[in-house]
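Scroll down for the structure; my scribbles are underneath it.
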Ligand SMILES: Cc1cc2nc3c(=O)[nH]c(=O)nc-3n(C[C@H](O)[C@H](O)[C@H](O)COP(=O)(O)OP(=O)(O)OC[C@H]3O[C@@H](n4cnc5c(N)ncnc54)[C@H](O)[C@@H]3O)c2cc1C
């Protein structure tokens with residue numbers, strides 16, 4: 001391909017790259033978007049199973065939620081959303097409890113019938129009973145915040161599975177607060193002004209964004225395979241991992257990863273009973289259940305009666321996993337040491353490839369929700385000159 005005919009090359013067709021490409025194309029710039037995967041939408045990608053109509057979220061559940069009017073105005077140019085409101089019960093000893101912890105969680109766990117003020121005083125007393133005033137690790141911090149029973153039941157095992165280590169080995173800093181609501185509110189995203197699931201899925205949103213005469217899309221293409229052919233005068237927005245781009249010269253930037261185990265079940269069979277509970281996601285609080293979350297994607301399609309009525313369900317169990325170099329990078333481990341390594345990589349990249357700008361959650365070495373990826377891409381594109 002003759003790369004010199006493009007004004008800009010965007011590596012990564014996730015929400016960040018797609019937003020930059022769409023905005024720059026709207027300014028009349030010719031943009032090439034490449035992605036190493038065979039689909040667009042990055043980690044948010046979903047597609048419809050033809051037989052059942054279930055929208056499958058390939059890399060785990062994605063619920064769009066934002067407080068940002070500008071992001072909402074922008075993204076709704078490319079899709080409609082349903083009015084799904086996310087709630088996530090957590091399962092302990094076969095029983096479901098609202099999560100984040102609310103008044104009902106507390107009353108169910110303690111077998112009480114407390115009102116808001118009584119419950120607040122009770123939790124404060126439980127926390128005080130611990131006697132911990134200067135928590136030295138995650139476990140001590142958790143107990144000092146909500147008391148031993150709430151912490152041990154709902155926070156300890158889940159976090160130990162997530163981090164694959166004992167909570168006493170984790171830093172107290174990871175746990176700044178444990179949200180507790182002294183009300184019946186069980187919305188997961190309590191402050192979201194807008195939330196929902198795109199009616200035609202995430203893949204379709206990004207297809208719509210990139211459907212522009214100024215944008216050329218090339219899938220199944222790793223940047224490294226074309227890098228040497230790109231004239232250095234052409235700006236590149238790179239939404240991948242900077243350590244990979246520089247061949248891990250300074251070491252590997254650490255991440256936590258995930259592994260998904262999926263199966264089709266019939267809701268009328270004993271194996272499908274969980275799906276019949278009607279929740280899109282259930283958190284798994286117990287230590288003897290090795291996965292952290294179970295997903296039942298059909299329950300995001302709240303208005304699609306045919307999808308809900310048919311007996312098949314696609315059930316996905318999410319297991320935390322160690323990240324290995326070259327594997328799927330999900331959650332950056334943002335401690336001081338890793339941030340310093342990232343800063344060194346950015347410096348090296350700027351010296352060696354001044355035409356490459358890092359973008360997206362991987363390029364920034366940050367966890368961002370979709371709305372943040374779009375917000376940062378909108379802001380970047382507004383001032384970016386090519
Ligand atoms: C398990 C999980 C659940 C999540 N759930 C939610 C949620 O419910 N709501 C929410 O708002 N957010 C959620 N997120 C966050 C969401 O996935 C991200 O905000 C979003 O994916 C960020 O988009 P991005 O474009 O920055 O990165 P990505 O989506 O990761 O896109 C980067 C793209 O770049 C491509 N790429 C990378 N390197 C190269 C290379 N060298 N060559 C070619 N292509 C390359 C990748 O293949 C990928 O397609 C979740 C994240 C995880 C991990």
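Computed from the coordinates by the stated procedures, all read-outs in this text should not be read as laboratory data. Quick caveat, the model's predicted, so the values are computed rather than measured. Every residue, glycine as well, gets a Cβ built from its backbone with ideal geometry; the counts of neighbours run over all protein chains shown.
Extending 7 Å from the Cα toward the beta-carbon at both residue 76 and residue 350 defines two label points whose distance is 3.9 nm.
Put simply, when 262-269, 231-238 are sorted by average Cβ atoms within 10 angstrom per residue, most first, you get 231-238, 262-269.
Taking 0.36 nm per residue of separation and subtracting the Cα-Cα distance, full extension of the segment from residue 149 to residue 169 would add 5.2 nm.
In percent, rounded to a whole number, the relative contact order of region 64-111 is 18, using alpha-carbon pairs under 8 Å and six or more apart. Between residue 308 and residue 211, what's the calculated FRET efficiency when r is the beta-carbon distance and R0 is 25 Å? Round to 0.05. Efficiency at R0 = 25 Å is approximately 0.25. Per residue, the average separation of C-alpha pairs within less than 8 Å and at least 6 apart gives the chain a relative contact order of 27 percent. At full extension, residue 108 and residue 328 could sit 75.4 nm farther apart than now, given 0.36 nm per residue minus the alpha carbon distance. Across region 255-322, C-alpha contacts under 8 Å between residues 6 or more apart give a mean separation that, scaled by the residue count, equals a relative contact order of 47 percent. Extension gain, residue 50 to residue 121, is 20.3 nm, computed as 0.36 nm per intervening residue step minus the present C-alpha separation.
Overall shape of the chain was characterised from the C-alpha gyration tensor. The equivalent ellipsoid obtained from it has semi-axes of 39, 26, 19 Å, in decreasing order.
Spin-label model, residue 257 to residue 368: label points 7 Å out along the Cα-to-beta-carbon direction sit 2.4 nm apart. Just so you know, the Cα atoms of region 35-160 work out to an Rg and Dmax of 20.4, 57 Å.
Measuring between their Cα centroids, region 1-46 and region 79-127 lie 42 Å from each other. Once both labels are positioned 7 Å from their Cα atoms along Cα-to-Cβ, the gap between residue 268 and residue 229 label points is 5.5 nm. The C-alpha radius of gyration of region 158-215, expressed as a fraction of 2.2 N^0.38 Å, stands at 1.91.
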